[in-house]
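Undergrad: Could you have a look at this structure, given as structure tokens, before my questions?
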Amino acid sequence: MIEGFSKLSKSERRKKLVEMQVISENLLNRMEAFDIESGSQKMLDNISENTLANYFLPLGIVPNVYINGQQYWVPMVTEESSVVAAASYASKFWSTRGGFRTKIIGTTKVGQIHFFWEGNSAILESYWEELKKLLLESVEYLSENMKKRGGGVLDIEYSDYTHLIRHYHRIQVYFETADAMGANYINSCLETMAKELPAFFEEHFTDRLADCEVNMAILSNYTPQCLVECSVECPVDELEPISAGLGSKKFAEKFSQAIAIAQVDPYRAVTHNKGIFNGIDAVVLATGNDFRAIEAGGHAYAARGGTYTSLSKCEIYTGRFRFTLQVPLALGTVGGLTRAHPMAATALEILGNPTAPALMQIAAAMGMANHFAAIRALVTTGIQKGHMKMHLTKILNHLNASQTESELASHHFKNHDISYKAVAEFLQQLRSNRQV
Ligand code: MEV
């Protein structure tokens, strides 16, 4: 066991790991090579704990994004190749067909106080208004700034769940958090409210009813009321150029069948929705938001009817194709890392410093863009064609291929299966031919 590791400085931690033979000098040098000179290094070192090095991912950009008539250049951060390319492809296609149409359905967030008490709703009923008032007043000081920005506590509800778990009750609080994701504000409010409960029950009840034990107070990442919708629409005939020879009608039919499959088969729906989160997460990461919260909330929303299903739907009517996505996105454009991380702040600036609802719409549009491109590829050429092209580039880079070698390889592998071995052999052949 090692004690006090977290107390060491970053360079002490690296040395300690070399000393303990966890990493080699080589790895230590590699980590050092990724350090940056500017003052941002200190900020990066303090984002999480026991930091050793920077772990870079590329920040890419998607051009030609039109959302409700406004043009955006959308920054994306992802570890997956093809995501930015797919978003760019779909954005360009839809830019001349009305672009993405988005609307905010709601921006309400939720938090909960879970407590155990031997009474029931019938007993609490006549005290509820008084308790609610007390809880609201207890967080007034915390809400001052939030109120100035148009946010605050919207409502409080009580539920008796003693039929599910013995003595279990829940208070659910609804919040508007303006441009903040609001986790800190919500959790502070909930913890403050929770502290009021034991004294309230002690004051108003006797014997066993005077005892109330708070189990926990925490926001919920299930945000079905913080919801955005995005759609694209065009005459079926206009799908012709991307139908890969299928023809527009057949393409539209296969596309809508693919969506129908995800609506009834959870195994497919998970992968289908993952394709949506390829685009959403990349915007969420680029803007310093919490991608786990977004994923958790989105997948829960996909299962809201009791069975996990597609987040998107496709309608073909009177010769028109309409593709719609609804997804909860509790995003912020202030607070957390959004402004503290220099690249997140840069991404937000590129987007024109959007409000949180505007960012919800941008992220949803990129979810839609990636999803559209994925389904299009799946029902036409298959996705491996595009992926393999990227794969080839990666292998060629890894093998230090020159420009000419890369061009020759790209030509050759149009008609040959791509694998590391095959590319290495191809280059070896090229290089040995040249020596003769
Ligand atoms: C790969 O990252 C995403 C896809 O699997 C999505 C889908 O299947 O719809 C292509």
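Undergrad: For residues that are in contact with a Pro (Cβ under 8 Å, 6 or more places away or on another chain) and not hydroxyl-bearing (Ser, Thr, Tyr), scanning just segment 307-321, find the one that is most open to solvent (accessible area, probe 1.4 Å).
TA: If we filter segment 307-321 for residues that are in contact with a Pro (Cβ under 8 Å, 6 or more places away or on another chain), which is where we start, we get 307-309, 319-321.
Subsequent filtering for residues that are not hydroxyl-bearing (Ser, Thr, Tyr) retains 319-321.
Values: GLY319: 48, ARG320: 77, PHE321: 0 Å².
Ranking the candidates gives ARG320 first.
Undergrad: Turning to a different aspect of this structure: Just checking, which of VAL65, VAL83 is within 16 Å of the ligand (Cβ to nearest atom) and surrounded by 11 or more Cβ atoms within 10 Å (Cβ to Cβ)? Reasoning before the result, please.
TA: Numbers: VAL65 fails: within 16 Å of the ligand (Cβ to nearest atom).
Result of the check over VAL65, VAL83: VAL83.
Undergrad: Looking at THR223, THR271, THR206, THR192, which is the one that is without any contact (Cβ under 8 Å) to a residue 12 or more places away in the chain and more than 16 Å from the ligand (Cβ to nearest atom)?
TA: Sole residue among the options that is without any contact (Cβ under 8 Å) to a residue 12 or more places away in the chain and more than 16 Å from the ligand (Cβ to nearest atom): THR206.
Undergrad: Moving on to the next point. Would it be correct to say that GLY99 is away from the ligand (no atom under 16 Å from the Cβ), at pLDDT 95 or above, open to solvent by less than 30 Å² (accessible area, probe 1.4 Å) and under 26 Å from PHE321 (Cα atoms)?
TA: Working: away from the ligand (no atom under 16 Å from the Cβ): yes; at pLDDT 95 or above: yes; open to solvent by less than 30 Å² (accessible area, probe 1.4 Å): yes; under 26 Å from PHE321 (Cα atoms): yes.
Spelling it out, GLY99 is indeed away from the ligand (no atom under 16 Å from the Cβ), at pLDDT 95 or above, open to solvent by less than 30 Å² (accessible area, probe 1.4 Å) and under 26 Å from PHE321 (Cα atoms).
Undergrad: Look at ARG304 and say whether it is open to solvent by 70 Å² or more (accessible area, probe 1.4 Å) and either more than 16 Å from the ligand (Cβ to nearest atom) or assigned by TED's automatic domain parsing to the domain that holds MET366 (or both). Full working, then the answer.
TA: On the way: open to solvent by 70 Å² or more (accessible area, probe 1.4 Å): yes; either more than 16 Å from the ligand (Cβ to nearest atom) or assigned by TED's automatic domain parsing to the domain that holds MET366 (or both): yes.
Yes, satisfied.
Undergrad: Then there is this: Considering segment 374-389 alone, what residues qualify as being surrounded by fewer than 20 Cβ atoms within 10 Å (Cβ to Cβ) and within 13 Å of the ligand (Cβ to nearest atom)? Spell out the reasoning first.
TA: Taking segment 374-389 first, the residues surrounded by fewer than 20 Cβ atoms within 10 Å (Cβ to Cβ) are 378, 380-389.
Matches in segment 374-389: LEU378, THR380, THR381, GLY382, ILE383, GLN384, LYS385, GLY386, HIS387.
Undergrad: Could you list, in sequence order, the residues of segment 247-262 that are within 16 Å of the ligand (Cβ to nearest atom) and surrounded by fewer than 16 Cβ atoms within 10 Å (Cβ to Cβ)?
TA: GLN257, ALA260, ILE261 - these are the residues of segment 247-262 that are within 16 Å of the ligand (Cβ to nearest atom) and surrounded by fewer than 16 Cβ atoms within 10 Å (Cβ to Cβ).
Undergrad: Any residue that is away from the ligand (no atom under 13 Å from the Cβ), surrounded by fewer than 23 Cβ atoms within 10 Å (Cβ to Cβ) and at pLDDT below 95 - is there at least one of those in segment 342-361?
TA: yes
Undergrad: Sort out which residues of segment 276-297 are open to solvent by less than 10 Å² (accessible area, probe 1.4 Å) and either of a type in the set (Val, Ile, Thr) or within 14 Å of the ligand (Cβ to nearest atom) (or both), and write them in order of number.
TA: Once the filter is applied, which keeps residues that are open to solvent by less than 10 Å² (accessible area, probe 1.4 Å) and either of a type in the set (Val, Ile, Thr) or within 14 Å of the ligand (Cβ to nearest atom) (or both), segment 276-297 yields ILE276, PHE277, GLY279, ILE280, ALA282, VAL283, VAL284, THR287, ILE294.
Undergrad: On the basis of being of a type in the set (D, E, K, R) and assigned by TED's automatic domain parsing to the domain that holds THR324, does ARG101 make the cut? Break it down stepwise before answering.
TA: Details: of a type in the set (D, E, K, R): yes; assigned by TED's automatic domain parsing to the domain that holds THR324: yes.
Judged against the criteria, ARG101 is a match.
Undergrad: Here's a follow-up. Within segment 138-151, take every residue that is open to solvent by less than 100 Å² (accessible area, probe 1.4 Å) and farther than 10 Å from CYS189 by Cα and give me the one that is farthest from the chain's Cα centre (by Cα).
TA: ASN145
Undergrad: Scan LEU396, LEU392, LEU408 and give me the residue that is of a type in the set (A, V, I, L, M), open to solvent by 70 Å² or more (accessible area, probe 1.4 Å) and part of a helix (DSSP H, G or I). Working first, answer last.
TA: Details: LEU396 fails: open to solvent by 70 Å² or more (accessible area, probe 1.4 Å); LEU392 fails: open to solvent by 70 Å² or more (accessible area, probe 1.4 Å).
Going through LEU396, LEU392, LEU408 in turn, the sole match is LEU408.
The values are calculated or read from the model by the stated rules, or taken from the named source; none is laboratory data. Remember, it's a predicted structure, so these values are computed and weren't measured experimentally. Counting neighbours? That spans all protein chains shown, and the Cβs are built from the backbone with ideal geometry, glycine included. The protein model used for the area step is the full one, side chains on, heavy atoms only, and it has no ligands, DNA or RNA in it. Shrake-Rupley method; radii C 1.70, N 1.55, O 1.52, S 1.80 Å.
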